[in-house]
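Only one structure is covered here, and it is reproduced in the block below.
We did not get these values from a lab; they are worked out from the coordinates using the rules stated. Since the model is a prediction, treat every value here as computed from it, not as a measurement. Quick reminder, even Gly has a Cβ in these numbers, built from the backbone with ideal geometry, and neighbours come from all protein chains shown.
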Amino acid sequence: MMQRFVDNVLAVTKESVKTFTYESLNNIVRLINGVSALLLAILPGKANVLEGIHGWELRPTFRGPRFPRWMESGVSSFNQFIHELSLDSDTSSVDYSSGEDSDGNISPASLSSQSSRVSGGSTSYKYDRWWTSWIRCSLLCILFPVKISLGIPLRLLQSSYCRGSKASHVSGCHRPSRLHSIKKVQALKDHIVHFATDRRRGVIEDLHLATEILIEAVFDVVHKAAHLLLSPSEAFRMVCSLFSSHGGGVHNDDNSIMDASFSTDTLGENDPAVTERNSSFHQSLNTDARTCQDVITELGYPYEAIHVITADGYVLLLERIPRRDARKAVYLQHGILDSSMGWVSNGIVGSPAFAAYDQGYDVFLGNFRGLVSREHVDKNISSRQYWRYSMNEHGTQDIPAMIEKIHEVKTSELRLSQPDVEEESNDDQTYKLCAICHSLGGAAILMYVITCRIEEKPHRLSRLVLLSPAGFHDDSPLVFTVVEHLLLLLGPILAPIVPGLYIPTRFFRMLFNKLARDLHNLPAVGGLVQTLMSYGVGGDSSNWVGVLGLPHYNMNDMPGVSFHVVLHLAQMKRARKFRMYDYGSPAANMEVYGSPEPFDLSEYYGLINVPVDLVAGRKDKVIRPSMVRKHYKLLKDSHAGVSYNEFEYAHLDFTFSHREELLAYVMSRLLLVEPQGSQRIVTSKKKGQVID
């Protein structure tokens with residue numbers, strides 16, 4: 001009777017504390033969101049800069065009460081190691097049906113509310129399982145930092161826990177062999193779902209979750225202590241069993257069963273899915289770690305990864321959606337602080353990569369150098385050495401290496417699939433390769449074509465489609481002008497100290513990834529950040545907050561930018577010319593270029609012998625239409641084949657927004673190139689202004 005009374009008192013107290021804490025946290029979040037909404041209301045020009053965020057509301061959207069995203073289809077997905085343990089636990093008597101998430105997803109109530117539904121006839125069994133489960137979660141949460149810092153294998157945590165808990169020998173750790181195949185299928189399914197979908201939790205969600213775990217753990221300890229105080233005989237037996245377990249070498253049957261059931265081959269060596277999940281333990285914090293490969297393969301498209309090594313030793317990832325027998329190929333190159341993910345992030349309907357593949361193209365997605373992981377043939381390269389490059393290297397090292405690899409692959413595959421193909425000359429290759437480039441990628445591809453023509457090398461391209469290309473920046477926002485003066489003034493001092501601009505540690509990258517999630521859950525905060533970021537780039541209405549949430553900004557790796565690339569852009573803005581990097585002195589420039597001044601690339605536009613399609617955005621404040629028209633005028637004066645088009649887009653809308661009008665235009669320009677025919681320039685009248 002006394003035990004039941006104590007249980008009831010503790011249960012009521014615990015639920016009261018949890019409710020009070022949960023509502024207090026929610027009220028704090030609502031206050032932060034409300035203050036952000038107030039600030040957003042008084043900021044000028046907010047309507048224009050918020051155009052990039054569609055369907056946003058000022059009201060915060062919480063991910064569901066208590067344990068957001070813990071239970072999906074009856075399986076715990078709090079993180080990877082708890083999920084593995086849950087696959088081995090008996091959940092047949094727990095009801096998982098309850099609650100609706102604010103996003104329309106089904107989310108259950110907390111474990112405490114679920115356990116209250118179990119019949120009173122099994123109170124003791126229910127309590128033991130409930131207490132054991134929470135101790136398991138608490139123990140693993142405590143051991144998680146140890147695991148991260150020391151690299152303790154997951155199997156040791158599982159094994160040590162199971163050996164220390166006699167109650168779990170039958171129900172948790174030792175499972176019948178007939179369920180082995182079911183477990184393998186479930187593990188593989190969860191592995192695929194984890195990498196193919198966004199399963200992030202924000203900082204607010206983590207705080208809710210950690211708070212409830214802490215409350216449960218504290219009350220579990222209190223409950224167990226009260227239970228032992230009210231049952232002295234059970235406490236005495238527990239103490240005796242504790243001493244006896246350390247006494248005689250541990251040779252009882254149960255321990256023999258445990259040792260047999262936890263042999264190494266049971267834990268993953270024969271199960272590729274489990275092995276791979278153990279090796280990816282670092283993704284257990286529920287940050288979005290999807291890659292371009294995950295997005296492509298999830299949507300049912302083929303995928304191939306090609307590693308390319310540049311002449312100066314950088315290892316680049318050239319990704320591909322292959323059509324091996326296609327005689328037309330397209331190469332897509334991203335801009336600054338971006339990756340190949342930008343070309344596939346909108347899914348099948350709104351992504352240029354998928355649109356090109358559906359039109360019969362062999363699609364290649366380039367990635368510039370400049371990752372936190374510092375991919376290089378020299379594994380011990382220092383940060384200062386790795387980030388010592390400018391836009392010159394993008395145009396004269398990265399793109400040549402990737403395009404030569406494309407040429408090598410396509411020539412080999414076409415020769416195998418079509419034996420009648422003759423060996424081509426430099427001017428008559430057996431396939432047509434077009435390039436679609438955005439921002440910095442557009443400037444780099446122009447540099448590549450011009451330098452190839454100067455050196456009398458084949459550039460292997462048939463057409464260039466340049467979306468808001470960089471190169472000219474003299475007409476830019478005031479903020480960029482201030483940054484230009486600071487960089488040119490402090491550049492010699494900052495270059496050795498800050499070789500690259502990136503987030504250096506995994507912790508802060510994880511925090512960045514989670515905060516991006518919170519900006520979506522708290523729309524007023526996200527709107528405020530969107531507004532402030534837009535002010536920083538002159539009022540550009542791109543969806544900056546949405547871009548921050550893309551999965552290539554994750555805790556494991558993310559794009560960075562070399563300080564010298566930023567300095568190169570500042571030099572071009574100051575000179576009002578599209579030119580190569582200025583090494584700081586006539587002697588240094590003479591050694592590299594053979595002249596005291598860097599090459600003015602626009603003076604060599606007459607060497608460009610392929611059609612160029614320029615696309616500008618009327619709402620683009622990063623690279624304004626006047627700067628793209630400057631490219632057009634100089635190309636036209638040089639008698640190069642060029643067209644110009646404008647759309648009502650901001651800078652990032654060219655890659656990250658779903659724009660069918662733009663996709664239709666880009667595809668129409670690509671289709672002007674016949675797989676085995678001569679090239680010709682055709683004026684295509686679309687919505688917007690077209691000049692040929």
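For the pair residue 626 and residue 306, what calculated FRET efficiency results from E = 1/(1 + (r/R0)^6), where r is the Cβ-Cβ distance and R0 = 35 Å, to the nearest 0.05?
Efficiency, from the Cβ-Cβ distance: 0.35.
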How far, in nm, would the chain grow between residue 508 and residue 3 when pulled straight, counting 0.36 nm per residue and subtracting the alpha carbon separation?
-> 177.1 nm
Counting only residues 5 or more places away or on other chains, whose amide H sits under 5 Å from the amide H of residue 465 once H atoms are built in the peptide plane?
-> 435, 436, 437, 613
Cut-off 14 Å (backbone N to label point 7 Å along Cα→Cβ of residue 408), residues of the stretch 314-337 = 314-318
If you rank 413, 597, 375 by fewest surrounding Cβ atoms within 10 Å, what's the result?
-> 597, 413, 375
Which ordering of 241, 36 is given by a fewest-first count of other beta-carbon atoms within 10 Å?
-> 241, 36
If each residue's Cβ is checked for other Cβ atoms within 10 Å, how do 368, 512, 219 rank with the fewest at the top?
-> 512, 219, 368
How much net charge surrounds residue 356 when only other residues with a Cβ under 13 Å from its Cβ are counted (Lys, Arg +1; Asp, Glu -1)?
-> +4
So how do 378-389, 663-674, 615-626 stack up, highest first, on mean other-Cβ count within 10 Å?
-> 615-626, 663-674, 378-389
Total formal charge among the other residues, if their Cβ is under 14 angstrom from that of residue 13, Lys/Arg +1 and Asp/Glu -1 = -2
Total formal charge among the other residues, if their Cβ is under 11 angstrom from that of residue 326, Lys/Arg +1 and Asp/Glu -1 | +3
Could you list which residues have their amide H under 5 Å from that of residue 432, counting only those 5 or more apart in sequence or on another chain, with H placed in the peptide plane?
-> 328, 329
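Multiply the residue separation of residue 28 and residue 587 by 0.36 nm, subtract the distance between their alpha-carbon atoms, and state the gained length in nm to one decimal.
Separation in residues times 0.36 nm, less the Cα-Cα distance, equals 195.2 nm.
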